[in-house]
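One structure is given here, and the rest of the page talks about it.
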Amino acid sequence: MRQFDINEDPHRRYNPLINEWVLVSPHRAKRPWQGQKEAINTVALPEYDPECYLCAGNVRANGEVNPPYESSFVFENDFAALKQEAIAFDGNAEGSFFKAQPERGISRVVCFSPRHDLTLPEMDVNGIVNIIHTWQKEYTTLGSVDYINHVQIFENKGSVMGCSNPHPHGQIWAQSSLPTQVQKTQDNLKAYFEKNGTNLLQDYLNEELKVKERVVVENDHFAAIVPFWAIWPYETMIISKRHITKITDFTEDEVAAFAEVLKKLTTKYDNLFETSFPYSSGIHQAPTDGEEHPEWQFHMHFYPPLLRSASVKKFMVGYEMMGESQRDITPEKSAEMLRNLSEVHYKQNS
């Protein structure tokens, strides 16, 4: 019986954040690809699009007019997934298979810039700092609403991720319940803290910084890593080095450092296949339920769908739906590829 090789042999890796496993099959990265290829959008966007409902001064779908904003701009989602009004609810019968409950919340859109053609990697650091300040303000404002217990800040970038408008923007959904993935994280962070008296993600990051094998970008305040348990081929997570539970705990130095890491990481993403790299990203931080949450550590997930090129996507099908998550390229290999990429955007070299 030969010795196990983590770089070549199939194995499972444990994700302590959500108490789940992922199957890693490194040998499958060598298989030829004859599956679907995504269309690559090579059309250069204008700085201003008169037809875009997110550009400054334009009319949105509901007839409202955007102000002539010059930095970031926030508005209530015209087609909100959550509604603010309270609804009377008596509750379902206990033990019923048909449980349901109303969910109350607020949905907002955050336009990153008036420039229609600028995504995060092409913005300057000061522009990203402004976005972070907007996120801080919204977390505070929404989190102070008495029925809001969680504020989810996220971005879907690229049409392959379901983004309906190329104008650089993100969303914020604030709601009364903890969403399923956040609840899993909350439960595991709390269990670890109660057992060890320390913070799970701080302890994990300290170990990652010792080996450096999965670190992609790092500065004095943050590190962007490919998690040991990553599911998506080029998945990354940005973690604060200091014990910070929420975005409003940042010092101004940390705001600037976070902006720097965001720019460098997303630039590497674009440089990987020399395309505007699609992803879903989201910030995970302490709930806004008025309780202290020392178990939490500020972090941000990036889940990009691309696998082998700008046109080949990773699909979650078959075994992933029926068994558990699975990946071919190892996290160590994808971290190495991202780490070795330039921090200068490829468009600046053309």
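Points to keep in mind about this one:
- Restricting attention to the stretch 112-132, the residues that are open to solvent by 10 Å² or more (accessible area, probe 1.4 Å) and in contact with a strand residue (DSSP E or B) (Cβ under 8 Å, 6 or more places away or on another chain) total 2.
- Taken over the stretch 41-80, the residue count meeting the criterion of being touching a Gly at 6+ places or on another chain (Cβ under 9 Å), loosely packed, with under 12 Cβ neighbours inside 10 Å and of a type in the set (A, V, I, L, M) is 1.
- Failed condition for residue 38, given (1) surrounded by 15 or more Cβ atoms within 10 Å (Cβ to Cβ); (2) modelled with pLDDT of 90 or more; (3) in contact with a strand residue (DSSP E or B) (Cβ under 6 Å, 6 or more places away or on another chain): (2)
- Scope the stretch 297-321; condition of a type in the set (A, V, I, L, M, F, W, C) and part of a strand (DSSP E or B); matching residues: 300, 302, 306
- The condition (being touching a residue at least 12 places away in the same chain (Cβ under 8 Å) and not aliphatic (A, V, I, L, M)) is satisfied by just one residue among 213, 291, 207: 213.
- Residue match in the stretch 92-111 (condition: assigned to a strand (DSSP E or B) and loosely packed, with under 14 Cβ neighbours inside 10 Å): no
- Whichever residue in the stretch 257-296 is modelled with pLDDT under 95 and assigned to a helix (DSSP H, G or I) and, among such residues, is most open to solvent (accessible area, probe 1.4 Å): 273
- Taking residues in the stretch 135-164 that are in contact (Cβ under 8 Å) with a residue 24 or more places away in the chain and surrounded by fewer than 16 Cβ atoms within 10 Å (Cβ to Cβ), and partners anywhere that are in a helix (DSSP H, G or I) and among the hydroxyl-bearing types (Ser, Thr, Tyr), the pairs with Cβ atoms closer than 6 Å and at least 6 places apart or on different chains are 140/248.
- Residue match in the stretch 233-243 (condition: in a helix (DSSP H, G or I), open to solvent by 20 Å² or more (accessible area, probe 1.4 Å) and modelled with pLDDT of 95 or more): no
- Count of residues meeting criterion [over 20 Å from the mean Cα position of the chain (by Cα) and under 19 Å from residue 14 (Cα atoms)] in the stretch 293-328: 7
- Taking the stretch 97-117 as the range and being hydrophobic (A, V, I, L, M, F, W, C) and farther than 17 Å from residue 260 by Cβ as the test, the residues that pass are 97, 98, 100, 106, 109, 110, 111.
- Qualifying position, being among the basic types (Lys, Arg) and at pLDDT 95 or above, among 28, 13, 60, 2: 13
Residue-wise test of (1) at pLDDT 95 or above; (2) under 24 Å from residue 74 (Cα atoms).
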| site | (1), (2) |
| --- | --- |
| 153 | yes, yes |
| 157 | no, yes |
| 171 | yes, yes |
| 183 | yes, no |
| 196 | yes, no |
| 216 | yes, no |
| 219 | yes, no |
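- So residue 227, is it under 15 Å from residue 279 (Cβ atoms) and open to solvent by 50 Å² or more (accessible area, probe 1.4 Å): no
- Residue match in the stretch 166-185 (condition: open to solvent by 60 Å² or more (accessible area, probe 1.4 Å) and without any contact (Cβ under 8 Å) to a residue 60 or more places away in the chain): yes
- Residues in the stretch 91-117 that are in contact (Cβ under 8 Å) with a residue 40 or more places away in the chain, out of contact with any Leu (no Cβ under 6 Å at 6 or more places or on another chain) and over 21 Å from residue 136 (Cβ atoms): 103, 104, 115.
- Residue match in the stretch 175-188 (condition: within 15 Å of the chain's Cα centre (by Cα) and on the phi > 0 side of the Ramachandran plot): no
- Cβ pairs under 6 Å, 6+ apart, first in the stretch 318-340 and open to solvent by less than 30 Å² (accessible area, probe 1.4 Å), second modelled with pLDDT of 95 or more and in a helix (DSSP H, G or I): 338/268
- Test: residue 88 is open to solvent by 30 Å² or more (accessible area, probe 1.4 Å) and either assigned to a strand (DSSP E or B) or touching a residue at least 60 places away in the same chain (Cβ under 8 Å) (or both): no
The values are calculated or read from the model by the stated rules, or taken from the named source; none is laboratory data. The structure presented is a predicted model; accordingly, all values stated were derived computationally and were not measured. Virtual Cβ from ideal backbone geometry, glycine too; neighbours counted across all protein chains shown. Keep in mind that these areas ignore ligands, DNA and RNA; they rest on the heavy atoms of the full protein, side chains included. Shrake-Rupley method; radii C 1.70, N 1.55, O 1.52, S 1.80 Å.
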